[in-house]
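The values are calculated or read from the model by the stated rules, or taken from the named source; none is laboratory data. Given the structure is predicted, the values throughout are model-derived calculations rather than measurements. Cβ placement follows ideal geometry from the backbone for every residue including glycine, while neighbour counts extend to all protein chains displayed. What goes into the accessible areas is simple: the full protein's heavy atoms, side chains included, and nothing from ligands, DNA or RNA. Shrake-Rupley method; radii C 1.70, N 1.55, O 1.52, S 1.80 Å.
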Amino acid sequence: MSVVGIIAEFNPLHSGHEFLLNQARLLAGSKDPIVVLMSGNYVQRGEMAIMDKWSRTQAALNSGADLVFEMPFSTSVEPADLFSLGSINQLAKLGVSDLIFGVEDATLNFAYLGSKIAEIPPNHMNFNDYSQTYSTQYNEMVAREVGYEVSQPNAILGLAYAVANYNLGTPLTLHPVNRIGAGHDDLLQREGVVQSASAIRNIILHQKTGAELEQWLPKSEVAQLYQQPVYPNWNLLFPFLKYRLESSSVEELRQIYQMSEGLEYKMKQEIHRARNFTEFLRYIKSKRYTYSRLRRLSLYTLLNVTQDDMLDSFNHESLFLLGYSKLGRRYLKKIRKNTTTDIISKVDQKNTRTGSMHLQLRVDRLVEQILQVDQNFGRRPLEV
């Protein structure tokens, strides 16, 4: 049995994702399920997804997924190593045997490279050159120790999957697939069949031309997009962040997850003169921190996510079932008694008292305020 897993954001789901789901179906065959572990309403780069988790789940099911689970916030909004470790651990608990993912060069032996990177001594990863970013120093270290230079974004994430898989005892077989079309963060390519999610989000936010979007997104997803009252982005959220920073004390900000080395002072100081989020990031940026790290920190601050919140979520993780096909439902019934993961299909007061669902409920309150759509209570898994 080949239970194929995909780790995804689908922000939004586009033709490149449909290609990956088709490749997953070829691997799984007609009788085995495709299990998607999908980021919820917040994504790894430290921002709110442009469509809510239910709309993106519907698009995934329509495109061939059999089970869609929400990735806990404490995994989904993390750097690549923790994002990968948490995701692969959860897929393994769900009985997934194979992981399929898109990369720029699928001929690379990711399992081998992952094992070599995982075996690099910890003291070789102590990066203290603050004239360079952490990611630059990490890439240089990998090139020096392993002989392969990590530069392309999907290759970096693919190697993070491989390292996590090796550290967990290699529970999954890795299947890299060549990406088609535009690269991860490429700008719009008018002639391309597959655009980057970044380019598509830019069109949604600034151009709003539905006929054009239908070239790259499923028509039903485009229709859903144009029913949304607003499209979440940092320009929309910036006033809320400004209020949080200006109304919180330094002592309160110090409790925020990943707040370190006096960043609470820097953020409080610079928020007064920043006119928008891009400007704010530029003011607090230094060689020591990447923009991704600062976006995530800004999101933790906006949502008041503390060190204790994340620790409680890590220690009491559960998975929220967002949707299933008939094949997925049969598989879920088969594994439910054996998996060590707590699977939630209906949110109630009891299962949100603590742990990852408690945090999920809290952070989704902002999404509900913005989109005016309930995200947890009263929602049942979607079925196709």
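Quick notes
- Any chance residue 213 is touching a Phe, Trp or Tyr at 6+ places or on another chain (Cβ under 9 Å) and in contact (Cβ under 8 Å) with a residue 12 or more places away in the chain: yes
- Breaking point among (1) touching a Ser or Thr at 6+ places or on another chain (Cβ under 7 Å); (2) open to solvent by less than 10 Å² (accessible area, probe 1.4 Å); (3) of a type in the set (Val, Ile, Thr), for residue 57: (1)
- Those residues of the range 233-248 which are in a helix (DSSP H, G or I) and in contact with a helix residue (DSSP H, G or I) (Cβ under 8 Å, 6 or more places away or on another chain), in sequence order: 234, 235, 236, 237, 238, 240, 241, 244, 245, 246
Yes/no matrix, rows are residues, columns are (1) under 17 Å from residue 172 (Cα atoms); (2) buried (at least 24 other Cβ atoms within 10 Å of the Cβ); (3) touching a Pro at 6+ places or on another chain (Cβ under 6 Å):
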{"residue": "30", "(1), (2), (3)": "no, no, no"}
{"residue": "66", "(1), (2), (3)": "no, yes, yes"}
{"residue": "78", "(1), (2), (3)": "no, no, no"}
{"residue": "83", "(1), (2), (3)": "yes, no, no"}
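- Among the residues listed as 236, 263, 245, 217, the single one being touching a Lys or Arg at 6+ places or on another chain (Cβ under 6 Å) and either loosely packed, with under 14 Cβ neighbours inside 10 Å or not basic (Lys, Arg) (or both): 245
- Criterion violated by residue 277 - all others in (1) in contact (Cβ under 8 Å) with a residue 40 or more places away in the chain; (2) open to solvent by 90 Å² or more (accessible area, probe 1.4 Å) satisfied: (2)
Conditions tested, residue by residue: (1) open to solvent by 10 Å² or more (accessible area, probe 1.4 Å); (2) closer than 18 Å to residue 364 by Cα.
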residue: 289; (1), (2): yes, no
residue: 292; (1), (2): yes, no
residue: 296; (1), (2): yes, yes
residue: 299; (1), (2): no, yes
residue: 302; (1), (2): yes, yes
residue: 306; (1), (2): yes, yes
residue: 312; (1), (2): yes, yes
residue: 319; (1), (2): no, yes
residue: 328; (1), (2): no, no
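- Any chance residue 334 is under 30 Å from residue 97 (Cβ atoms) and either open to solvent by 10 Å² or more (accessible area, probe 1.4 Å) or free of Cβ contacts under 8 Å to residues at least 24 places away in the same chain (or both): yes
- Going through (1) in a helix (DSSP H, G or I); (2) within 17 Å of residue 163 (Cα to Cα); (3) open to solvent by 20 Å² or more (accessible area, probe 1.4 Å) one by one, residue 22 falls short only on (2).
- Extreme residue, nearest to residue 359 (Cα to Cα), among residues of the range 249-273 that are assigned to a loop (DSSP other than H, G, I, E, B) and in contact (Cβ under 8 Å) with a residue 24 or more places away in the chain: 257
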